[in-house]
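The values are calculated or read from the model by the stated rules, or taken from the named source; none is laboratory data. Because the structure is a prediction, the values reported are computed rather than measured. Neighbour counts run over all protein chains shown; Cβ positions are idealised from the backbone, glycine included. Just so you know, the surface numbers come from the protein's heavy atoms only, side chains and all, with ligands and any DNA or RNA stripped out. Shrake-Rupley method; radii C 1.70, N 1.55, O 1.52, S 1.80 Å.
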Amino acid sequence: MTAQPEATREDENVRDRLPRALRPFRFGQYRLLAVALTLSLFGAGVWLIAVVFQIRATGGGPVEVSFVATANAIGLLLAVLVGGAVADRVPQKLILLTVEIVKGVLVTAVAALAFTGGLEVWHLALVGLVLGVADGFFMPAYSAMLPAILPEQQLLAANGFEGMLRPAILQAGGPAVAAGLIALWSPAAAFAIIAVTQLGAIALLVVLRRTAVRREVPSERHPAIELLVDVRDGFRYLVRTPWLFATLVFSCALVLLIMGPFEVLLPFAVTEQTGGDAGSYALVLVAFGVGGAVAAIAVASWRLPRRYLTTMTLAWGFGCLPLLLVAFTSSLWVMVIAAFAVGMVFSGAGVIWGTLLQRRVPPAMLGRVSSLDFFVSLALMPVSTAVAGPLGEAIGYGPVFVVAAVVPPVLAVVAVLAARMPRDELAHPLDA
């Protein structure tokens, strides 16, 4: 009768000795979700490289890459607000599973067209648009589901793992595999690998248990009217919450300044300034990913900083300064170092941000606030990607990267002071 409690206590002691960053993996449902997310992000990372070099293989350049990237961003913006409202009303498992099935079908079609030589830029733009819509539903559903399957004290570690995955898998592992497949075969082989990983993600999400919707869903009005009311309530919460409003306005400006140069101009800066190829560009993305992975695991292993709002915002702003190196260097290794530094600072701040939302936003609002996070912070992404290509060709890549490096630190300081973040974070501590 006394042995069982002692064994239980001994097991808990062993579990407590696990590194903080690994403790969410005690939970089986989180393990399924984490592996599914890994496969999905791996496919997205392969897509980044495959699209660029598929376009280059057909004689395209920065303008065509801007066209495809802008279509993806528009799709995301069209869907993300509705996606957040749906995530607060519909079991998140159903949303995630539907999204992955749609992505799998689309990428399989792209791979088939690429193998037969029938893939054109407008096909990639159309698929990119639909993939953006899919992401607009996926991201709020994932953010809203995580607190439903993990205790509050495990959220920082789980966000750290996700923060590690995005740079390590999305920006490093996926691009590295894509570059190898393109060098050995063709972009078509890279698209085929994405289709295979989507099948794996779908299988895992089928097994994942459904979680309950964490709010009372009114039913007296038409569902479309209710969705609009939900979106309105999310905006009201955003405007009435100073730290949230200031951070998202700053993020919107940050995306305008850096997203286009990073997504559209960086591959051409690497290949033209350094004389590199697909492998060189992949190496820069790998450096960005490795830096992000290191920072995400480190932040997940520590306590949240006491000045979490100030630390996060200034990190995003001053983390852009290494882009000055990209503007002036002709050395591949200097670009690699700059990408590592930017990835490290951005990912570490992102882990704090994800945990902050899940800890301070009411559960019934989390899907909508997560969608507003994506919407507001990415609202100018289509403008950034659309302008970057033509602007880079008109004035050169260097001046564009200089602006992307020096303006964000100023905006970060303004955001911290305008929203009185130092006072707010002390009044609402997140980690004892």
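How far apart, in nanometres, would the label points at Leu126 and Val35 be if each is projected 7 angstrom from Cα along the Cα-to-Cβ direction?
Computed distance between label sites Leu126 and Val35 equals 3.6 nm.
Leaving ligands and nucleic acids out of the surface, order Ile297, Ile55 by accessible area at 1.4 Å, largest first. Could the numbers behind the result be given before it?
Values: Ile297 65, Ile55 0 Å².
Sorted descending by solvent-accessible area, the residues read Ile297, Ile55.
Enumerate the residues in segment 302-331 having an amide nitrogen under 14 Å from the point lying 7 Å beyond the Cα of Leu426 toward its Cβ.
306-310
Can you put Tyr397, Tyr308 in order of accessible area, largest first, using a 1.4 Å probe?
Tyr397, Tyr308
On a full-extension model of 0.36 nm per residue, what is the gain between Arg210 and Leu228, subtracting their alpha-carbon distance, rounded to one decimal in nm?
Value of the extension gain: 4.0 nm.
Carbon and sulfur: what percent of the chain's accessible surface (1.4 Å probe)? Show your work: numbers first, answer last.
Numbers: 12290 of 17870 Å².
Carbon and sulfur together cover 69 percent of it.
Can you work out ³J(HN,Hα) from phi for every residue in segment 390-398, in order, using Karplus 6.51 cos²θ - 1.76 cosθ + 1.60 and θ = phi - 60°, giving whole Hz and x for Gly and Pro?
Residue by residue, segment 390-398 yields x, 5, x, 6, 7, 10, x, 6, x Hz.
In square angstrom, what is the accessible area per residue of the chain with a 1.4 angstrom probe?
Values: 17870 Å² over 432 residues.
Per residue, the chain has an accessible area of 41 Å².
With axes computed from alpha carbons, what is the tilt in degrees of helix 28-57 against the longest principal axis of the chain, rounded to the nearest 10 within 0 to 90?
Result, in degrees: 10.
Any idea what the relative contact order of the chain is, in percent, if you count C-alpha pairs under 8 Å spaced at least 6 apart?
Working: 740 pairs, mean separation 116.0, N = 432.
Computed value for the chain: 27 percent relative contact order.
Under 1.5 on a/c is rounded, so check that first for the chain, then, if it is not, pick prolate when a/b is larger than b/c and oblate when it is not; a ≥ b ≥ c are the square roots of the alpha carbon gyration tensor eigenvalues.
Rounded shape, in that the Cα axes give a/c under 1.5.
I'd like the distance between the alpha-carbon centres of segment 58-111 and segment 141-169, rounded to an integer number of Å.
Taking the Cα centre of each part, segment 58-111 and segment 141-169 sit 21 Å apart.
With a 1.4 Å probe and all protein chains in place, put Phe268, Phe235 in order of accessible area, largest first. Mind showing how you got there, number by number?
Values: Phe268 10, Phe235 70 Å².
Most to least solvent-accessible, the answer reads Phe235, Phe268.
What is the set of long-range amide H partners of Thr211 at a cut-off below 5 Å, with H atoms built 1.01 Å from backbone N?
Gln92, Lys93
If each DSSP helix of 4+ residues adds -39,500 (n - 2.57) and the sum is divided by the residues in the chain, what number results at 222 nm, nearest 500 deg cm²/dmol? Please list the in-between numbers first.
On the way: 19 runs with 338 residues, N = 432.
The per-residue figure over the chain is -26500 deg cm²/dmol.
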